[in-house]
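To keep things clear, I will list the structure first and then write my remarks on it.
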Amino acid sequence: MTSSWEELLPTTRRALLHRVAVAQSEGRTPSFVGAVLRDGHLVWTGARSSVDGHAPDADTQYRIGSITKTFTAVLVMRLRDEGLLDLNDPLEKHLPGTGVGEVTIAQLLGHSAGLSAEAPAPWWERTPGAQRPELADVLGNKARMHPPGRRHHYSNPGYTLLGSLIEAVRGIPWEQALQAEILDPLKLNRTSAQPRAPHAGGWAVHPWADAMLPEPTEDLGLMAPAGQLWSTAADLCRFAWFLAEGDDQVLSAASVREMRTPSVPAEAGDWNSAYGLGMQIVRNDQRTLVGHSGSLPGFLAGLWVSVEDGVAAVALTNATSGPFPSTVAADLVRIVADAEPRIPAPWRPLTEVDQELLDLTGPWYWGTYGYGLRLVADRGVELEPLRDGGRKSRFVAGPGGKWTGLDGYYAGETLTVVRREDGSVSHLDLGSFVFTREPYEQGDAVPGGVDEAGWRGL
C-alpha cells in the first residue's frame, strides 16, 4: 500500500483495504487493485491476490474495456474545439459511405444514435478484429435499432464509427492520435493499446468451482476505439482528475464539463443513471459520480470521480465475472468522502471591488419572487432565491454589462443590465425575465405594466 501528499487517516486506509479485500475474496477473482486520488494527488492504493506473497500494484496494467470510450470521446471533443467539426454534424459530412450517415456526432457520443449494441456474430470481444476488416462488417445488415436522438441505447459499433471519424479528420490512425493528444500530454505512460509488462492475465473463474480458465486476448481492430486499451490504477486516477478539472493541453475545463452533462433523458425508472458525451453519470448515496465502467473477457474495470468532493477512485480486476469494479470504485469514493470530507478553501475577499458592480448586489424581484444577487470572483455573479423553490444560477462575466449562465435553469442564458437614458439602472433582463429593485413598483419596466391603483387590501 502506498500513499503520497496528505496521508489518509489509518481508519480510512483500513476501510479502503477491507473493501478491496472483500471484493477479491467474495468475488473469487485472481487479483484486485484499487486506488484513490484526492484533489489531484494519489493518496492510497491497495491490492489483493490469490498468489501468496505477490499482488499487483498501481503500476500493473489491466485491460479497461469500455473506459476506452471516454478517451475516444475526448479526441472527438478536441476536433470540435479546433473547429474541424460540429457535434451536430451528420456523420456523413466527415465519414461518408457508412450507410448510417444521418446520425449526428453528438448522438454517437451519447449513445442516442439508435444503432445496434453489438457487431454481428461472432462475438467481437472474443474474436480477432481481422474478422471485421471494414465498417460494413462492424455495422452488419441491421445497424439501426431505434430512431436517432430519441433514447439512450448503448452502442459499441457507434464508437467504432467515432474512431474511424477521428482517423478521417485527423488523417492519422486512432492509436497515434490517442498517444499524441492524450497519453503524452497527461503523462499516462502506462496506458497503451497493447499490453506492456507488468500486466495481469485475463481469467474466467468457474461459477460453481474454484477453478480458472485463461481468456483469449484479442486485438479488436476497427473496434479498438470502443474497448482496446490497457491501463493502470495510477494512470486512470490521473485521467479521472482530468475528467474533473480539464487540462488546457488536452481539453478545457468547460469542454470536460460539457462531457459530464447528460445528453439524453434517462430511461424510465432509471433516474439515477444517465450518459453524457463519453461519460456515465450516476447518483450514488446522494453523490454525483462521473466516469465509466469497462469489461472485456478476463477483465473488469471501474473509474469514478466525485467532482464536488474532489475524490476519484479506480478499481481493476482480471476476471470475466465477479465483483463489479464500478461498484467498488464508487464505494472507495464514498469511504474517503464520508470519512474525511473535503476541507473548503479559506474564504478570501475580492482582490478589487468595482463600485458599479457592487451597486448591483442585493435584492431583486421577478414579479413578487425575491432574489439576491451576489458578486463573486472574476466579476461573476450568483443569483439565488431568497426563499426555497426558486431557480439558482451562477453567471460568468462577459463584455458590455452581460453575464452568461453556467448552470441550472439559466445555463447559457444572458443576464443583462438595462440602463435608463441617464445611466441609472432600470432593471435586469435574464432571458426576457425582468428583475426590478421593488416588486411591481410604479414606473418600473414591468412586462404588462402595473395597475395604477397600486397595492391594496382586501
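Brief remarks follow.
- Tabulated pairs, region 42-68, first of a type in the set (Asp, Glu), second in a strand (DSSP E or B), C-beta under 8 angstrom, 6+ apart or interchain: Asp57/Thr2; Asp57/Val33; Asp57/Thr45; Asp57/Ala47
- Per-region count, region 318-335, residues touching a helix residue (DSSP H, G or I) at 6+ places or on another chain (Cβ under 6 Å) and either at positive phi or of a type in the set (Val, Ile, Thr) (or both): 2
- Residue identified as over 17 Å from the mean Cα position of the chain (by Cα) and part of a loop (DSSP other than H, G, I, E, B) among Gly65, Gly46, Gly101: Gly101
- Looking across region 124-145 at every residue that is assigned to a loop (DSSP other than H, G, I, E, B) and at pLDDT below 90, the one that is nearest to Leu220 (Cα to Cα) is identified as Gly140.
- Selected residue (criterion: farthest from Glu167 (Cα to Cα)) from residues of region 73-89 that are part of a helix (DSSP H, G or I), of a type outside the set (A, V, I, L, M) and in contact with a strand residue (DSSP E or B) (Cβ under 8 Å, 6 or more places away or on another chain): Asp81
- Within region 251-271, tally of residues that are modelled with pLDDT of 90 or more, surrounded by fewer than 20 Cβ atoms within 10 Å (Cβ to Cβ) and of a type in the set (Val, Ile, Thr): 1
- Residue within region 6-24 that is assigned to a loop (DSSP other than H, G, I, E, B), at pLDDT 95 or above, within 18 Å of Ala329 (Cα to Cα) and in contact with a Pro (Cβ under 9 Å, 6 or more places away or on another chain) present: no
- Scanning region 177-201 for residues that are closer than 20 Å to Gly83 by Cβ and buried (at least 18 other Cβ atoms within 10 Å of the Cβ) turns up Ala177, Glu181, Ile182.
- In region 287-298, the residues that are closer than 14 Å to Phe242 by Cα reach residues that are part of a loop (DSSP other than H, G, I, E, B) and hydrophobic (A, V, I, L, M, F, W, C) with C-beta atoms within less than 6 angstrom, at least six apart or across chains, in these pairs: Val290/Met279.
- 3 or more residues without any contact (Cβ under 8 Å) to a residue 40 or more places away in the chain: qualifying strands (runs of 3 or more DSSP E) within region 325-408: 369-375, 381-385, 393-398, 402-405
- Residues in region 144-176 that are crowded, with 21+ Cβ neighbours inside 10 Å and farther than 16 Å from Leu95 by Cα: Ser155, Asn156.
- Selection within region 409-446 - free of Cβ contacts under 8 Å to residues at least 24 places away in the same chain and basic (Lys, Arg): Arg419, Arg420
- When the strands (runs of 3 or more DSSP E) confined to region 193-299 are screened for residues that are under 22 Å from Ala106 (Cβ atoms), those reaching at least 1 such residues are found at 273-275, 280-284, 287-296.
- Scoring Ala411 on the criteria (1) surrounded by 14 or more Cβ atoms within 10 Å (Cβ to Cβ); (2) under 32 Å from the mean Cα position of the chain (by Cα) leaves a single failure, condition (1).
- Residue pairs meeting the criteria (Cβ under 8 Å; at least 6 apart or on separate chains; first in the same structural domain as Ala315 (by TED's automatic domain parsing), in region 233-258; second among the basic types (Lys, Arg) and in a helix (DSSP H, G or I)): Gly246/Arg257; Val250/Arg78; Leu251/Arg78; Ser255/Arg80
The values are calculated or read from the model by the stated rules, or taken from the named source; none is laboratory data. The structure presented is a predicted model; accordingly, all values stated were derived computationally and were not measured. All Cβ positions, glycine included, derive from the backbone under ideal geometry; neighbour counts span all protein chains shown.
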